[in-house]
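The structure under discussion appears below in the form of structure tokens.
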Amino acid sequence: MKRRDFMKKTIVVIAGASVPLSALDLIDPKEVLAANPEIHWAFLIDTYKCVGCGFCVKACKTENDIPFEANVSRTWVERYVYTKDDRRYVDSPQAAQYGFTEAKIDLGEHFGFQEIDPDNVGKAFFVPKLCNHCETPPCTQVCPVGATYKTDDGVVLVDRSWCIGCGYCIMACPFGARFFHPTEHVADKCTFCYHRITKGLETACVNACPFSARKMCNIRDINDPVTKIILNERVGVLKDEFGTRPQAFYIGLASEVR
Amino acid sequence: MVEHAMAVHGELWTVKELFVLPNEYIYWSIQIVMYPFMTGLVAGAFVLSSLYHVFGVKQLKEIARFSLVFSFALLPVAMMPLLLHLQQPFRGINVMMTPHFTSAISAFGIVFMTYSFIVASEIWFEYRKHFVLTTQTLAAQTDRSGFDNLRMYFFKVLTLGAMDISNEAIQKDHNAVKKLATLGIPVACFLHGYAGFIFGSVKANALWMTPLMPVIFICSAVVSGIALCILCYVVTMEIRKFMAKRKMSRWAKDTSAPTVEQLQSAETQEIAIASNYLLYFMIAALTLEILDMIFRGYTQVKSWDILREVILERDFNKIFIMQYAIGNVLPFLLMVLPGRTVRRTTIATVLVIFGVFMMRWNVVIGGQAFSLSFSGFMHYHMPFLPTNWETFREGFFGAVTVMATPFVIFWFLNKIVPAFLKEDEAH
Ligand code: SF4
Ligand code: SF4
């Protein structure tokens, strides 16, 4: 055997041996997509930009048929007020569906409103919230019938025709994102407006926000400007300690926000 | 608790204080308190009956058979609160069709069926002789009424064609009962421990999440089951003594029926032994519960601030007065102080059952008494008068229905498999 031939053959053998065994398996396209899908939806909220107008909540309720009279919502806005004498107030009256029109803090149906001296306010800000479409969602884990599930493009959905209404998922979500739909009587939550985003539209809330405090992106598309922010800037997620790996990222998240 | 144009599920009985997230309500209410309470009784009653069959605690012979029948009567009721609580009760069967095994609830149907099957077969072996004898007695009667005929065929079906009551055959029944009882203990513990797992594994809930939860649930289940069996046993024995004194029903025609004195001595003996077991399990349950609380107070993780406020302030009466003082310490004293009588034990069992109920309440409702934001509280106001289907099933009367059902079932069941057998029919 000539030296050149020997070299050639050796290279072929090495190359052959380095093909992983798994490559010889039949390829399941669904698995491939799940392992490396082109689309994985994520959300970005800039709390500095939010003014608490509540347009997003209104738009969401309208788009997704959650009655305005019902005290539940797929998305909501929280107001945080810290006074100089170190007191903390939080509220979200009717999920802020009509915005924050009142300077007083809502302490609950039976406990009235709290007046705060404007000169005493240290810092104050708004935090919009919604389902985080967690990477490892405890809500889908606990569903006894598999009626709630995660799609391959990263959205957590509920099958209204199969949910038995046990409420286990509502209990399992550490973010309070879920509730029982007042007329459908099944578990309900934010869908990232799946019916819109899969058609190339924005979600209703992103669309309604006049200050661009809410944005959506495909986190696998590194050229997307929103993805760039998530990848390059300092962003945080809610309640990291539960290990659910939220896919809604926040700019300007205070540690007191829970 | 405002009556809204469109009340959301849970809104009717939840009062929010300070900052509670908009979607938070007390979603798991009284029926979910009833669920572990009732499964606990089932499991506990079965464990008591097994003490005799498996460990050969002879003194528990009568109460063991009684507990077995009672645990069977309780069985269908373990399912009831879950169904009453579902928003889509007619889809309940979906759990069997597409069980999603990462969920702790999904296996409920399977565990429950296995357990029912074990109890049912144990009862069958235990009562086969009775079925055969009843069939034979009825067949021997010449002047059978239509009802007697029906009864005869019914019992004949119950024998499943196994009419052999020779000594060997009965011995085989014995062995089968023993095997099933042995198998039943882990399954009963699993049935209930896993009700504890349903709560203990909810990481979102600071009060529920602890690996001790299943074990705590098993111990308190056995406690409540034994207590209930003692209580019901005493009540039925009192009725029997009352009838024996006045020579009513069986005592009128049957000379071999036990006399008042015999009944009395049997009762005293069985209660004495059963209440000792009750005490052991009470100590175990209490130790674990206190351990859990001390551990939380000692480690003081983030949630402790709000938990402390719930446990030591807002729910203090429910936890320390009703659950621990009235439901544990008082009955404990009643049973350990010298000169224990049947009456004192009976009072103690009532308190123990109440205590276990309060424990379930404090876990289920207490776990929802604070917001996920850790900045607010929720108060539960159980609907009392049923104004519609929702306030019935998730209210006081729904709970009472669930509680009363096993007694109705027991009454019917007792006609077929009498909890008190004549000596010659019994094993
Ligand atoms: S935020 Fe809650 S509902 Fe949404 S995916 Fe995470 S756990 Fe599930
Ligand atoms: S409420 Fe519906 S979606 Fe949620 S866990 Fe129960 S069956 Fe599943």
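Against the definition (surrounded by fewer than 15 Cβ atoms within 10 Å (Cβ to Cβ) and of a type outside the set (A, V, I, L, M, F, W, C)), how does residue B:127 come out, yes or no? The answer is no for residue B:127.
Within the stretch B:211-231, not a single residue is over 23 Å from residue B:288 (Cα atoms), outside any helix (DSSP H, G or I) and open to solvent by 10 Å² or more (accessible area, probe 1.4 Å).
Of the residues B:377, B:316, the single one that is surrounded by fewer than 16 Cβ atoms within 10 Å (Cβ to Cβ) and hydrophobic (A, V, I, L, M, F, W, C) is B:316. For residue B:28, the conditions (1) within 14 Å of chain A (Cβ to nearest Cβ); (2) outside any loop (DSSP other than H, G, I, E, B) all hold with the exception of (2).
Being farther than 19 Å from residue A:194 by Cα, away from chain B (no Cβ under 12 Å), out of contact with any Leu (no Cβ under 9 Å at 6 or more places or on another chain) and part of a strand (DSSP E or B) is a description that does not apply to residue A:103. Against the conditions (1) open to solvent by 10 Å² or more (accessible area, probe 1.4 Å); (2) of a type outside the set (Asp, Glu); (3) in contact (Cβ under 8 Å) with a residue 60 or more places away in the chain; (4) in a loop (DSSP other than H, G, I, E, B), residue A:132 satisfies every one except (1).
Of the numbered conditions (1) away from every other protein chain (no Cβ under 14 Å); (2) open to solvent by 30 Å² or more (accessible area, probe 1.4 Å); (3) without any contact (Cβ under 8 Å) to a residue 60 or more places away in the chain; (4) out of contact with any strand residue (DSSP E or B) (no Cβ under 6 Å at 6 or more places or on another chain), residue A:157 satisfies every one except a single condition; which is it? Result: residue A:157 fails condition (2) only.
Kindly indicate the residue of the stretch A:160-179 that is more than 15 Å from the chain's Cα centre (by Cα) and not hydrophobic (A, V, I, L, M, F, W, C) and also nearest to the other protein chains (Cβ to nearest Cβ) among those meeting that condition. Let's see the steps before the verdict.
Filtering the stretch A:160-179 down to residues more than 15 Å from the chain's Cα centre (by Cα) leaves A:160-172, A:179.
So of that shortlist, the ones also not hydrophobic (A, V, I, L, M, F, W, C) come out as A:160-161, A:165, A:167-168.
Working: A:160: 10, A:161: 9, A:165: 2, A:167: 4, A:168: 6 Å.
That would be A:165.
Based on what the data block shows, is residue B:141 at pLDDT below 90, open to solvent by 80 Å² or more (accessible area, probe 1.4 Å) and more than 14 Å from every other protein chain (Cβ to nearest Cβ)? So residue B:141 fails the test. Among the residues making up the stretch B:95-135, those that are touching a residue at least 24 places away in the same chain (Cβ under 8 Å) and facing another protein chain (nearest Cβ under 9 Å) are B:104, B:105, B:107, B:108.
For residue B:103, the test of being under 24 Å from the mean Cα position of the chain (by Cα) and either surrounded by fewer than 21 Cβ atoms within 10 Å (Cβ to Cβ) or in a helix (DSSP H, G or I) (or both) is failed.
Could you check the stretch B:181-210 and list, in sequence order, the residues that are within 14 Å of chain A (Cβ to nearest Cβ) and in a helix (DSSP H, G or I)? Across the stretch B:181-210, the qualifying residues are B:194, B:195, B:197, B:198, B:199, B:200.
Inspect all residues belonging to the stretch A:139-158 and state whether any of them is within 15 Å of ligand 1 (Cβ to nearest atom) and on the phi > 0 side of the Ramachandran plot. Within the stretch A:139-158, one or more residues are within 15 Å of ligand 1 (Cβ to nearest atom) and on the phi > 0 side of the Ramachandran plot. Among helices (runs of 4 or more DSSP H) entirely within the stretch B:316-417, having at least 2 residues that are farther than 30 Å from residue B:279 by Cα singles out B:389-393, B:396-416.
In the stretch B:64-85, is there at least one residue being facing chain A (nearest Cβ under 9 Å), open to solvent by less than 20 Å² (accessible area, probe 1.4 Å) and within 16 Å of ligand 2 (Cβ to nearest atom)? Checked against the condition, which is being facing chain A (nearest Cβ under 9 Å), open to solvent by less than 20 Å² (accessible area, probe 1.4 Å) and within 16 Å of ligand 2 (Cβ to nearest atom), the stretch B:64-85 yields at least one hit.
Is it true that some residue in the stretch A:143-151 is surrounded by fewer than 24 Cβ atoms within 10 Å (Cβ to Cβ) and either touching a residue at least 60 places away in the same chain (Cβ under 8 Å) or of a type in the set (Asp, Glu) (or both)? There is no residue in the stretch A:143-151 that is surrounded by fewer than 24 Cβ atoms within 10 Å (Cβ to Cβ) and either touching a residue at least 60 places away in the same chain (Cβ under 8 Å) or of a type in the set (Asp, Glu) (or both).
When residue B:23 is tested against (1) within 14 Å of chain A (Cβ to nearest Cβ); (2) in contact with a Leu (Cβ under 8 Å, 6 or more places away or on another chain), exactly one condition is not met: (2). Identify the residue in the stretch B:235-262 that is surrounded by 20 or more Cβ atoms within 10 Å (Cβ to Cβ) and under 16 Å from residue B:66 (Cβ atoms) and, among all such residues, is farthest from the chain's Cα centre (by Cα). Only one residue fits best here, namely B:240. Residue-level check: of (1) surrounded by fewer than 17 Cβ atoms within 10 Å (Cβ to Cβ); (2) within 16 Å of ligand 2 (Cβ to nearest atom), residue A:114 misses just (2).
The values are calculated or read from the model by the stated rules, or taken from the named source; none is laboratory data. If you're wondering where the values come from, they're calculated on a predicted model, not measured in any experiment. We place every Cβ from the backbone using ideal geometry, glycine too, and count neighbours over all the protein chains shown. Please note that ligands, DNA and RNA were not included when accessible areas were found on the heavy atoms of the full protein model with its side chains. Shrake-Rupley method; radii C 1.70, N 1.55, O 1.52, S 1.80 Å.
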